[in-house]
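Notes follow the structure.
The values are calculated or read from the model by the stated rules, or taken from the named source; none is laboratory data. Quick caveat, the model's predicted, so the values are computed rather than measured. Don't worry about glycine lacking a Cβ; one is built from the backbone with ideal geometry, like all the others, and counts go over all protein chains shown.
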Amino acid sequence: MMPGLENGKILDNRQVAGDWYVMDVAAPATARQCQPGQFLHIRPADNYDPLLRRPLSIYDVLPDSGLISLLYRVVGRGTSLLAKFAADEFINIMGPLGRGWSMPASAENLLLVGGGIGVAPLMYLARVARQRECRVRLLFGASEAAQLSGAARFEKIGVDVKRASMDGSLGYPGRVTDLLNDEIATDYARVYTCGPAPMMALVARWASTSGVWGEVSLEEHMACGVGACLGCVCQLDPFQPGYVKVCKDGPVFNVDQVRWMQQTPAGEVTGSE
Ligand SMILES: Cc1cc2nc3c(=O)[nH]c(=O)nc-3n(C[C@H](O)[C@H](O)[C@H](O)COP(=O)(O)OP(=O)(O)OC[C@H]3O[C@@H](n4cnc5c(N)ncnc54)[C@H](O)[C@@H]3O)c2cc1C
Ligand code: FES
């Protein structure tokens, strides 16, 4: 099936912290289809320069209002162009794309761990999980307090948020993964995480050593976004044959599918197990 294309009307595109922005788009046809953890492939200008779309996670959706929110960090040309869009302008979106999170059953106990802009695919997951009466705790880590302002959006729907900031300006001073020391993995039916790879590796190990089901959302450079160009292929486990297309087989994978690699002080690359 061809992915949907829609010209979404921008309702708001605001700076929320440093180089972080939230864009609200009215795109009713796309909003109806979105599943938590999927992504949209965005044309960052109203012409073909740059040629390639940019993948952004679906941050939040209000399907009945046809509203989609995106949380993005300006890192290069495409995202700089995105930040220039103003209310009432239109933006071309393709999607929803990819395999999103496996959804919880009703009333489960869930732990979400988001690092930096990696919190983006966790918000809509939290919203749907709360509609299913799940108890949801978010461990949210970022560089500084301003980036943690989005925690309020989670709290508004009844998520219990624990904050960590690397500069110590809000919440626990240090890495978000340190907050796992206060958690008991087996208290949770499911653990979901997105953020920098070393952070996800720690969360994945923490969950799988206790036999707790978990999923991670991976990032890879993308071109087509629909499984046609092989631009996003990667090996989830370098010790096993076979490649996946992150855009189509993911971006969400089970923690047991991924072997996280780490570098020894001598520069040798080893598996994390
Ligand atoms: C499935 C998926 C979901 C994503 N969701 C979000 C999101 O919700 N919010 C958000 O801010 N970002 C997200 N990203 C990353 C985002 O797509 C890139 O930051 C963006 O495409 C960069 O475009 P650019 O033209 O501004 O930067 P470029 O000029 O293309 O690159 C600038 C820098 O960013 C790096 N980069 C570019 N693309 C990627 C990528 N796909 N993954 C990792 N590094 C990249 C480049 O290596 C370079 O260092 C997601 C990526 C994927 C694959
Ligand atoms: S981006 Fe083209 S196959 Fe994934």
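Assuming ILE117 fulfils every condition listed in (1) touching a residue at least 12 places away in the same chain (Cβ under 8 Å); (2) outside the structural domain of PRO196 (by TED's automatic domain parsing) apart from one, which condition is it? Among (1) touching a residue at least 12 places away in the same chain (Cβ under 8 Å); (2) outside the structural domain of PRO196 (by TED's automatic domain parsing), ILE117 violates only (2).
Scanning region 15-28 for residues that are out of contact with any Asp or Glu (no Cβ under 7 Å at 6 or more places or on another chain) and assigned to a loop (DSSP other than H, G, I, E, B), we see that the one that is surrounded by the most Cβ atoms within 10 Å (Cβ to Cβ) is ASP19. Looking at region 141-223, the strands (runs of 3 or more DSSP E) lying wholly inside it that each contain 1 or more residues that are touching a Lys or Arg at 6+ places or on another chain (Cβ under 6 Å) sit at 160-165, 213-217. Scanning region 151-164 for residues that are buried (at least 22 other Cβ atoms within 10 Å of the Cβ) and touching a Phe, Trp or Tyr at 6+ places or on another chain (Cβ under 8 Å) returns a single hit, PHE154. Scanning region 30-88 for residues that are touching a Phe, Trp or Tyr at 6+ places or on another chain (Cβ under 6 Å), free of Cβ contacts under 8 Å to residues at least 60 places away in the same chain and of a type in the set (A, V, I, L, M, F, W, C) turns up just one, LEU70.
Could you pull out the residue among VAL113, VAL75 that is within 25 Å of LYS156 (Cα to Cα) and not in a helix (DSSP H, G or I)? It would help to see each step written out before you state the result.
On the way: VAL75 fails: within 25 Å of LYS156 (Cα to Cα).
One residue alone meets the criteria, VAL113.
Checked against (1) assigned to a helix (DSSP H, G or I); (2) at pLDDT 95 or above; (3) more than 16 Å from ligand 2 (Cβ to nearest atom), ALA86 meets all criteria but (1).
Of the residues making up region 227-238, those that are within 12 Å of ligand 1 (Cβ to nearest atom) and touching a Cys at 6+ places or on another chain (Cβ under 7 Å) are GLY231, CYS232.
Just to verify a result, which residue in region 236-250, among those that are surrounded by 14 or more Cβ atoms within 10 Å (Cβ to Cβ) and more than 10 Å from ligand 2 (Cβ to nearest atom), is farthest from GLY118 (Cα to Cα)? The extreme case among them is ASP237. Counting the residues of region 34-84 that are more than 23 Å from MET123 (Cα to Cα) and among the hydrophobic types (A, V, I, L, M, F, W, C) gives 4.
To keep it simple, each residue is scored yes or no on (1) farther than 24 Å from PRO196 by Cα; (2) assigned by TED's automatic domain parsing to the domain that holds GLY116; (3) surrounded by fewer than 13 Cβ atoms within 10 Å (Cβ to Cβ); (4) among the hydrophobic types (A, V, I, L, M, F, W, C).
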| site | (1), (2), (3), (4) |
| --- | --- |
| ASN13 | yes, no, no, no |
| THR30 | yes, no, no, no |
| GLN35 | no, no, no, no |
| ARG43 | yes, no, no, no |
| ARG54 | no, no, no, no |
| SER80 | no, no, yes, no |
| ALA83 | no, no, no, yes |
